[in-house]
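Worksheet: the structure to be examined is printed underneath.
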Amino acid sequence: MKCTLGVCYYPEHWPEAQWAEDAAQMVDTGLTWVRIGEFAWSRMEPTPGDLRFDWLDRAVETLGAAGLKVIMGTPTATPPRWMLDKHPDMLAVDAQGRPRKFGSRRHYCFSHQGYRAECARIVTLMTERYGANPHVAAWQTDNEYGCHDTTLSYSPAALQGFRIWLADRYGQIDSLNAAWGNVFWSMEYHTYAEIDLPNLTVTEPNPSHVLDFRRYSSDQVAAFNRVQTEILRAHTQAPLIHNYMGRTLEFDHFAVGADLDIASWDSYPLGFLEDRSDADDAWKRAFMRQGDPDTQAFHHDLYRAVGRGRWWIMEQQPGPVNWAPYNPAPLPGMARLWAWEAFAHGAETVCYFRWRQAPFAQEQMHAGLLRPDGGAAPVLAEAAQVAQELAEAPDIATGPADVAIVFDYQSAWAWDTQPQSADFDYYRLIFDFYRGLRELGLNVDILPPDTADLSPYKLVLIPGLMAWNDTLRAALKAHEGLALIGPRSGSKDQNMGIPTSMPPDLSDLGVTVTRVESLRPDAPELLEQCGAVHLWLEHCEGAAHVLEQTQSGHPVLMRTGRQLYLAAWPDPTAMRRILGDAAAIAGIRTFPMPQGVRRRDAGDRIYYFNYNATPVHVPDLGQDLPPAGLAWTKQKG
């Protein structure tokens with residue numbers, strides 16, 4: 001695969017006389033792609049029906065004539081002010097009943113049918129005009145679905161849609177009452193018209209009610225996206241893309257991705273470390289200019305799965321951002337490292353956000369490849385260096401993985417709804433397992449929860465899965481490799497109730513979870529071997545062979561045949577050891593890495609990435625890596 005670079009550009013922000021100069025400099029830097037259009041609805045249609053595409057025609061022609069490929073964004077994330085006058089009830093409503101007002105972006109409710117129709121109209125007009133344009137080589141739908149907590153809306157439109165969705169799902173109202181357990185607290189309904197949204201209740205709402213509302217809300221995102229993809233498919237052969245955000249779990253990205261050709265995500269390593277990381281302050285200080293060593297890779301692997309093998313970075317952080325609690329600049333070399341790590345994980349394209357720093361509005365403190373005055377920002381030279389290295393490099397392959405982790409958005413909603421612990425977070429649980437595997441130098445694939453074939457993997461991890469589905473259950477039964485299951489997997493059925501067979505709801509595992517407890521973060525349970533378990537501990541009985549227990553005698557790791565059950569959340573020391581032992585049982589060679597150094601097997605190359613701010617000796621590589629350094633070697637044999 002030949003990899004490329006791109007950039008996000010906003011011609012409507014700059015004088016038209018400057019466009020050609022910008023385009024020429026992009027090409028000189030080594031960029032191939034340029035994304036435009038995704039926030040420009042008010043310039044395309046300043047008043048209802050007053051269509052002004054002439055400026056966009058000239059922008060596409062200018063960029064294309066310079067040799068750039070255009071990614072055209074649909075502008076539906078930023079409806080213009082007149083849209084609110086036309087549809088005053090289109091705004092999303094937060095859980096406190098307050099409208100999410102005009103004045104920034106993403107000010108719409110996914111459930112609002114009138115706004116969907118407006119989106120269909122503008123997308124139709126755009127694709128009729130640019131669908132066959134030779135310069136428009138890809139399309140992006142909307143921008144960052146779910147960003148700014150906009151998936152869940154408690155609006156009248158959402159209420160109406162939710163009731164219809166429930167009636168379609170359950171049929172007779174008695175079926176819903178039984179599924180939700182509404183006999184509890186006299187919550188039984190007689191008609192669907194009696195059902196409200198699960199907010200502003202006196203105490204916590206029924207978790208089954210909440211989970212179904214989360215499912216409904218996720219379905220609305222997929223349906224909203226599908227309106228656009230169906231129109232685009234009728235007018236263009238170019239690939240369709242959406243740019244997801246990091247650690248955004250409020251909707252099912254696999255469901256949205258099913259209607260797209262390529263998944264992309266917006267990678268902001270320093271912003272995410274400060275804004276979306278569970279790490280302690282010491283860890284954040286150590287990696288403040290580099291980003292967490294595993295956050296980017298996790299999302300690379302996730303979106304490779306969402307895109308069924310095809311994925312990009314649509315926005316790559318080029319310098320300080322404007323939205324995190326603290327916004328340091330990247331260590332010199334990190335932008336190069338981030339790009340190469342993405343390519344090693346299979347990215348086709350990395351696009352930087354943005355070409356020139358804006359001197360106005362909300363993102364004026366967000367760096368670009370150029371300063372507001374057009375001078376070069378520090379990362380411009382690193383982008384040019386990566387472009388030159390790509391031009392000289394052979395095609396880049398994505399290496400196979402012996403290990404996979406099943407990732408399930410529904411489980412994230414379930415444990416957010418009923419965490420049973422202030423610290424139980426599905427993403428954090430999955431990420432801890434992922435980090436442990438990366439510290440062992442392993443490639444990891446991420447799988448959707450309806451995966452039908454596990455045979456490519458010697459080791460499959462299934463932590464925190466809310467409920468089994470028939471497809472995954474059958475795949476697990478047929479799997480000849482090793483499976484590590486738990487904690488909390490199979491602890492609910494699809495209706496958010498405890499299964500009658502008891503967790504983990506696997507009859508051939510020989511383990512029954514009899515009760516659970518969530519542990520204080522300052523009260524871990526020490527293991528007989530090194531390390532401890534923290535946050536979550538299950539009490540188990542059954543015929544499975546106990547491999548490990550706490551010092552107080554609670555079994556935490558049990559085995560029956562090719563299946564292991566882990567009944568607790570290991571701390572980092574225990575995690576590395578348990579995963580290393582599981583890899584050995586599965587016949588997988590590990591390559592333990594120094595702290596902050598990561599390894600990626602990519603076809604005929606092995607890449608090494610130093611996320612540290614100091615040099616580190618890498619025994620597996622046989623040399624030192626400088627700060628923010630990367631190296632690659634040829635595969636032996």
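Where a number appears in this text, it was derived from the coordinates with a stated rule and is not lab data. As the structure is a prediction and not an experimental result, all values here were calculated from the model. Methodologically, a virtual Cβ is constructed for each residue, glycine included, from the backbone with ideal geometry; neighbour enumeration extends over all protein chains shown.
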*Convert each backbone phi in the range 590-605 into a coupling constant with the Karplus relation 6.51 cos²θ - 1.76 cosθ + 1.60 (shift: θ = phi - 60°), then list the ³J(HN,Hα) values in order as whole Hz, x for Gly and Pro.*
10, 9, x, 9, x, 4, x, 10, 10, 10, 9, 7, 10, x, 8, 10
*How large is the charge dipole for the range 527-637, taken about the Cα centre, if only the Cβ atoms of Lys, Arg (+1) and Asp, Glu (-1) carry charge, to the nearest 20 debye?*
540 debye
*By how many nm would the segment from K477 to Y189 lengthen if fully extended, with 0.36 nm per residue of separation less the alpha-carbon distance?*
99.8 nm
*How far, in nm, would the chain grow between R428 and Q18 when pulled straight, counting 0.36 nm per residue and subtracting the alpha carbon separation?*
143.0 nm
_Amide H partners (placed H, <5 Å) of L547, local residues excluded_ = L557, M558, R559
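Among the chymotrypsin sites (Phe, Trp or Tyr not before Pro) within the range 360-466, which fall in a DSSP loop and have no more than 13 other Cβ atoms within 10 Å of their own Cβ?
Here the sparse-neighbourhood loop sites are F360.
Magnitude of the Cβ-charge dipole of the range 403-586, K/R +1 and D/E -1, about the Cα centre, nearest 20 debye?
240 debye
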*What residues have an amide H closer than 5 Å to that of R605, excluding those fewer than 5 places away on the same chain, when H is modeled at 1.01 Å from N in the peptide plane?*
Q635
*Sequence-distant or interchain residues sharing an amide H contact under 5 Å with L527, placed H: which?*
A532, V533, Q551
*Could you give me the ³J(HN,Hα) list for the range 319-327, computed from phi with Karplus coefficients 6.51, -1.76, 1.60 and θ = phi - 60°, whole Hz, x at Gly and Pro?*
x, x, 9, 10, 10, 8, x, 9, 9
*Taking θ as phi - 60°, what are the ³J(HN,Hα) couplings along the range 224-238 by the Karplus curve (6.51, -1.76, 1.60), each to the nearest whole Hz, with x for Gly and Pro?*
4, 5, 5, 3, 6, 5, 5, 5, 4, 4, 6, 10, 9, 9, 6
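Which shape class applies to the range 403-586: rounded if a/c is under 1.5, otherwise prolate when a/b exceeds b/c and oblate if not, where a ≥ b ≥ c are the square roots of the Cα gyration tensor eigenvalues?
Working: a/c = 1.26, a/b = 1.09, b/c = 1.16.
Judged from the Cα gyration tensor, the range 403-586 comes out rounded (a/c under 1.5).
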*Taking the Cα centre of the chain as origin and charging only Cβ (+1 Lys, Arg; -1 Asp, Glu), how large is the dipole, in debye to the nearest 20?*
720 debye
*Rank the residues H13, H299, H107 as a footprinting-exposure proxy: fewest other Cβ atoms within 10 Å of their Cβ go first.*
H13, H107, H299
*asked:* Which one, A568, T550, T590, projects farthest toward the positive side of the charge dipole computed for the range 523-612 from Cβ point charges (K/R +1, D/E -1)?
replied: T590
*How compact and how long is the range 157-249, expressed as Rg and Dmax of its alpha-carbon atoms in Å?*
17.2, 55
*Among DSSP beta bridges lying fully in the chain, give the percent that are antiparallel, nearest 5.*
45 percent
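Determine the gain in length on full extension of the stretch A324-H545; use 0.36 nm per residue of separation and subtract their C-alpha separation, reporting nm with one decimal.
Taking 0.36 nm per residue and subtracting the Cα distance, the gain is 74.8 nm.
Looking at the range 75-118, which trypsin sites (Lys or Arg not before Pro) are in a loop (DSSP not H, G, I, E or B) and have at most 13 other Cβ atoms within 10 Å? Let's see the in-between values first.
Details: sites: R81, K86, R100, K101, R105, R106, R116; in loops: R100, K101, R105, R106.
Listed in order of number, the matching sites are K101.
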*Length-normalised contact order for the range 403-586 - Cα pairs under 8 Å, 6+ apart - percent*: 20 percent
*For the range 1-138, with +1 on Lys and Arg beta carbons and -1 on Asp and Glu, the positive-most of L63, H13, Y108 along the dipole*: Y108
*For the range 332-400 and the range 236-300, distance of Cα centres in Å*: 16 Å
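Counting each DSSP H run of 4 or more residues in the chain as -39500 (n - 2.57), what helix-only mean residue ellipticity at 222 nm follows after dividing by all residues, to the nearest 500 deg cm²/dmol?
Numbers: 18 runs with 209 residues, N = 637.
Value at 222 nm, helices only: -10000 deg cm²/dmol.
Grab the other residues whose beta carbon is less than 14 angstrom from that of T151, score K and R as +1, D and E as -1, and report the net.
Details: positive: R100, R106, R214, R215, R247; negative: D94, D142, E144, D149, D219, E250, D252, D416.
Every neighbour counted, the sum reads -3.
With the Cα gyration tensor of the chain giving a ≥ b ≥ c as the square roots of its eigenvalues, does the rule (a/c under 1.5 for rounded; else a/b larger than b/c for prolate; else oblate) give rounded, prolate or oblate? Intermediate results must be reported in sequence, preceding the final value.
Values: a/c = 1.97, a/b = 1.18, b/c = 1.67.
Cα axes put the chain in the oblate bin.
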*If we sort 17-26, 435-444, 518-527 on the protection proxy, mean other Cβ atoms within 10 Å, highest first, what's the order?*
435-444, 17-26, 518-527
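First select every other residue whose beta carbon is under 13 angstrom from the beta carbon of M575; then total the charges, Lys and Arg +1, Asp and Glu -1.
-1
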*Overall form of the range 94-245 per C-alpha gyration tensor (a/c, 1.5; a/b vs b/c)*: prolate
